[in-house]
Amino acid sequence: MTLRPRPDSAAPHRVVALLQPPQSAFTLACASAVFGDHGPAVPARYAFEVCTEHPGPVSTQDGYDLLVTAGLDALERADTVLVPGWQQPPGTQVSPGVVAAVRRAHRRGARVVGLCSGAFVLAAAGLLDRRRAATHWARTAELAARFPQVPVDPAVLYVDHGDVATSAGSAAGADLCLHLVSADQGAAYAMRVARQMVMPPHREGCQLQYVELPTSGPVTDSLAPLLEWLSGQLDQPVSVADMALRSQVSARTLTRRFTEQLGVSPGRWLLDRRIAATRALLEETDLPVETIARKVGLSSAVNLRRRFHEALRTTPAAYRRAFRAERAG
């Protein structure tokens, strides 16, 4: 894995959200909550601002207006251009001015991110041609029909190609934003932001957008209590049988619930958490790999190195060197 260097290590990474009426206030809030100010507990490494094609009042879906004073020229100074939704009737064309501004930003090297239906703007700009993309599950068919050159994945939470990224609807936008923070600033910093937001454990992009509820019978039990418990047990050897016992179900039932609700097996989910914890310790401490392996429940340095390389295609030592070299400027 290669960490993304900031254009100027002494300056904050500038995120500019492109608003369009009627703006989804929740999608915008997900982005601003991640990239905005978190107070003295979290060092500021991002500068967040908003713009719109026609500066002035921007109506929202929630019955109030936002006063936006910056126009499309704000995208010219963005390190990341973020489109937090595009709530237009089916068939509506994206403004040529917006398309041109987004293309210019991408050409000069800005990352372009579409949250929820914001993927329509990226598709209109040609940034998703022959590149897998995500959007809200209710609009995947529309996106695929309007832009047949875009491979739309209807199940995943988000897709990140490095220079462009798209997410599913609502809270999946926050998951993608935290993923981008982790890629930019490291796993430890992203964990601080998530804690400040009182966010649940970060969901990987491959997880499912939603769970199909049964047409009859009881609703499937949430995995949230178990996931919270597991996050506090990373230094312990926990098997699928242990998880099943904690949830008071059979191992087969637990595995089925993980597959239905998260799209991954219990073991895969737990390993992803262990790798994330490993990254944070490599970034923030000088602990030897053997000690980190015990702290994250991977038992030995040999096992940690093997799992880490499978997940990130690099070694713990190389990851630590690359992270610190990038932070040093």
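The values are calculated or read from the model by the stated rules, or taken from the named source; none is laboratory data. All values reported here derive from a predicted model rather than from experimental measurement. For neighbour counting, all protein chains shown are included, and Cβ atoms are generated from backbone atoms with ideal geometry for every residue, glycine included. The area values use the complete protein model at the heavy-atom level, side chains included, leaving out ligands, DNA and RNA. Shrake-Rupley method; radii C 1.70, N 1.55, O 1.52, S 1.80 Å.
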Subset tally (residues that are outside any strand (DSSP E or B) and either under 17 Å from the mean Cα position of the chain (by Cα) or within 21 Å of residue 27 (Cα to Cα) (or both)) for the range 110-126: 11
Residue 108 vs. criteria among the charged types (D, E, K, R), under 22 Å from residue 35 (Cα atoms) and open to solvent by 100 Å² or more (accessible area, probe 1.4 Å): yes
Residues that are charged (D, E, K, R) and open to solvent by less than 40 Å² (accessible area, probe 1.4 Å), drawn from the range 258-289: 272, 273, 274, 279, 283
Subset of the range 280-306 [closer than 29 Å to residue 224 by Cα, in contact with a Ser or Thr (Cβ under 8 Å, 6 or more places away or on another chain) and part of a helix (DSSP H, G or I)]: 292, 293, 304
Only one of 69, 92, 80 that is modelled with pLDDT under 95 and β-branched (Val, Ile, Thr): 92
Residue check for residue 140: among the hydroxyl-bearing types (Ser, Thr, Tyr) and in a strand (DSSP E or B): no
Selection from the range 177-230 of residues that are at pLDDT 85 or above and of a type in the set (Ser, Thr, Tyr): 182, 189
Selection status of residue 46, surrounded by fewer than 16 Cβ atoms within 10 Å (Cβ to Cβ) and aromatic (Phe, Trp, Tyr): no
Where a residue in the range 17-42 is assigned to a helix (DSSP H, G or I) and its partner, wherever it lies, is of a type in the set (Val, Ile, Thr) and open to solvent by 10 Å² or more (accessible area, probe 1.4 Å), with Cβ under 7 Å and at least six apart: 25/60
Single match in 317, 325 (criterion: among the small types (Gly, Ala, Ser), farther than 20 Å from residue 238 by Cβ, modelled with pLDDT of 90 or more and more than 23 Å from the chain's Cα centre (by Cα)): 317
Restricting the range 80-105 to residues that are part of a loop (DSSP other than H, G, I, E, B) and touching a helix residue (DSSP H, G or I) at 6+ places or on another chain (Cβ under 6 Å), the residue that is surrounded by the fewest Cβ atoms within 10 Å (Cβ to Cβ): 90
Among residues of the range 227-258, those that are under 15 Å from residue 272 (Cβ atoms), in a helix (DSSP H, G or I) and either in contact with a His (Cβ under 6 Å, 6 or more places away or on another chain) or of a type in the set (S, T, N, Q) (or both), counted: 1
Pair list, Cβ < 8 Å and 6+ apart or interchain, from the range 280-307 residues that are free of Cβ contacts under 8 Å to residues at least 12 places away in the same chain to residues that are open to solvent by 50 Å² or more (accessible area, probe 1.4 Å) and part of a helix (DSSP H, G or I): 287/295; 300/290
